[in-house]
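Enquirer: I have a structure I would like to understand better, so I am pasting it below and will then ask my questions one at a time.
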Amino acid sequence: MDIRSKFSMSGVRQMSSDASTLFTRALQYTEEKLGSAEKTEYDANFENLLERYDRTKNWTEKLKTQTEISLQPNPNMRMEDFVYTKLDRRPPERATNQEILGATMIEAGNSFGPGTAYGKSLIKCGNTQMKLGESEKTLVHTSAVNFLKPLANFLEGDCKTIQKERKTLETKRLDLDACKNRAKKAKSLEARQSAENDLRLAQTDFDRQHEITKLLLEGLSSTHSHHFRSLNEFIEAQSQYHASCHQVMQELKAELNSLGDSPTAGAGSFNRALQPSAPVDVNDITARDANLPFIGSRKARVLYDYDANDTTELSLLADEVITVTAVPGMHQDYVMGERRSLKGKVPLTYIEIL
């Protein structure tokens, strides 16, 4: 018999042995389900370890998924990032929704004119939106590194290792129980001795695999501690993000207030200014109104075109003459303008008092 024939026979015998083993395991599993064969039960401590592992795996998967959804609500973007990650490539740099909004505001402000109150405000708001977008990118990157990556490493590493060893343990248990059943059913002395020898080997293999799996399951305590630290880092990143957003929004509010046309300031005076003005008594002027540019009503010539920002303001055309009235309590940069039946605030820088 040549070498090729020997290898061929060896392969056939190995395939036959593997097929017999698979059949024996399948038979043992079926009989256990039917209740006609005994099954080796794990001790309570080991069962608790298995149950804790299942809970850890399931909740880690949910935590990872929901965190990804929170950081990137767009499912198409998440899928694209997943593909790039699997290809071990860096995802493309994308503008956030706030950055896109900020760019639009800046373009609109420049179009309306940075010299106008509305245009200037749009540009300031746009720059703030850009800052918010950068802060969001920092949050996403920090969270991905400090929180999502440890969760993913557990699921891709320790989790798969435990799954593999757990499956191997179940195989060893089926082999062990099959040997126990065969030893019970053996009738001749020779068959009983062979079955008992196989049982000892199966018991040794099962005990060894049981110990390996148990050690891996007990390691979940350190995994929980590691994920706890990662969670604290995630919360710290969120805290810094929200603090940064609050700071830039406060700065924006201060800048808008400095323009003298903040929606949150002087709304009452705007409404009062739209009311028909009564003659001003010089004796009634308080120290608060000492900065009025003039007393009573005057004529004024418009120097530049001006588009009203809202219904409290009056649009102007260059070179037209309007009637203006200094209203006590109104912002020092504005007076009340009147043209025919129209009335509204006008900025002093756009007119010349006659």
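Bear in mind these aren't lab numbers, they're just calculated from the coordinates by the rules spelled out. Predicted model only: the values in this text are computed from it and were never measured. Positions of Cβ are generated from backbone atoms using ideal geometry, with glycine treated the same way; all protein chains shown enter the neighbour counts.
Enquirer: So how do 139-146, 82-89 stack up, highest first, on mean other-Cβ count within 10 Å?
Expert: Final packing ranking: 139-146, 82-89.
Enquirer: Taking amide H positions as placed in the peptide plane 1.01 Å from N, state which residues far from Tyr334 in sequence (5 or more) or on other chains have amide H under 5 Å from it.
Expert: Leu348
Enquirer: I've got another one for you. Can you run phi through the Karplus equation (6.51, -1.76, 1.60; θ = phi - 60°) for region 164-176 and list ³J(HN,Hα) in whole Hz, with x for Gly and Pro?
Expert: Working through the residues one at a time gives 5, 5, 5, 5, 5, 4, 5, 5, 5, 5, 4, 5, 5 Hz.
Enquirer: How high is the FRET efficiency between Thr349 and Leu231 when r is their beta carbon distance and R₀ equals 51 Å, given to the nearest 0.05?
Expert: 0.40
Enquirer: Then there is this: Please list, in chain and number order, the residues 5+ apart from Leu303 or on another chain whose amide H is under 5 Å from its amide H, with Hs placed from the backbone.
Expert: Asp319, Ile351, Glu352
Enquirer: Across region 80-97, in residue order, what do the Karplus-derived ³J(HN,Hα) couplings come to in whole Hz, using 6.51 cos²θ - 1.76 cosθ + 1.60 with θ = phi - 60° and x for Gly and Pro?
Expert: Once θ is set to phi - 60°, the couplings for region 80-97 become 5, 4, 4, 5, 4, 5, 5, 7, 6, 10, 7, x, x, 6, 10, 7, 6, 4 Hz.
Enquirer: Something else about it: Taking 41 Å as R0, compute the FRET efficiency from the Cβ-Cβ separation of Phe23 and Leu63 and round it to 0.05. Please list the in-between numbers first.
Expert: Values: r = 42 Å, r/R0 = 1.02.
Computed FRET efficiency for Phe23 and Leu63: 0.45.
Enquirer: While we're here: Considering only the other residues whose Cβ falls under 15 Å of the Cβ of Glu165, what net charge follows from Lys and Arg at +1 and Asp and Glu at -1?
Expert: Neighbour charge sum, excluding Glu165 itself: +2.
Enquirer: Do any trypsin sites (Lys or Arg not before Pro) in region 138-204 lie in a loop, going by DSSP, with at most 14 other beta-carbon atoms within 10 Å of their beta carbon, and if so which?
Expert: On the way: sites: Lys160, Lys164, Arg166, Lys167, Lys172, Arg173, Lys180, Arg182, Lys184, Lys185, Lys187, Arg192, Arg200; in loops: Lys187.
Answer in residue order: Lys187.
Enquirer: Let me know the volume per residue of the alpha-carbon convex hull for region 58-118, in Å³.
Expert: Values: hull volume 6.6 nm³, N = 61.
With only Cα atoms used, region 58-118 gives 109 Å³ per residue.
Enquirer: Report the one residue of Asn146, Cys125, Cys179 whose Cα lies farthest in the direction of the positive end of the charge dipole of region 13-258 (charges on C-beta: Lys and Arg +1, Asp and Glu -1; origin at the Cα centre).
Expert: Cys179
Enquirer: Compare the peptides 71-80, 98-107, 303-312 by average per-residue count of other Cβ atoms within 10 angstrom and give them in order, highest first.
Expert: So the order, starting with the most tightly packed, is 98-107, 303-312, 71-80.
Enquirer: Sticking with this one: Starting from the 7 Å offset along Cα-to-Cβ, what nm value, one decimal, do you get for the label separation of Thr323 and Arg192?
Expert: Spacing of the two 7 Å Cα→Cβ label points: 12.5 nm.
Enquirer: Translational D (Stokes-Einstein, µm²/s) of region 13-258 at 10 °C and 1.306 mPa s when Rh comes from the Kirkwood sum over C-alpha pairs?
Expert: The estimated diffusion coefficient comes to 68 µm²/s.
Enquirer: Quick one: 3J(HN,Hα) in Hz for region 69-79, Karplus 6.51/-1.76/1.60 with θ = phi - 60°, rounded, Gly and Pro as x.
Expert: 5, 5, 7, 9, x, 6, x, 5, 5, 5, 5
Enquirer: With a point put 7 Å past each Cα toward its Cβ, work out how far Val83 is from Asn257 in nm, to one decimal.
Expert: Distance between the two pseudo-spin positions: 4.9 nm.
Enquirer: Next up: What net charge is computed for the residues neighbouring Glu31, neighbours being all others with C-beta under 15 Å from the C-beta of Glu31, Lys and Arg scored +1, Asp and Glu -1?
Expert: That sum, taken over residues with Cβ under 15 Å, equals +4.
Enquirer: Modelling each spin label as a point 7 Å along the Cα-to-Cβ direction, I'd like the His242/Gln203 distance in nm, to one decimal.
Expert: 6.0 nm
Enquirer: Please report the net charge: other residues with Cβ closer than 11 Å to the Cβ of Glu352, K and R +1, D and E -1.
Expert: In short, +2.
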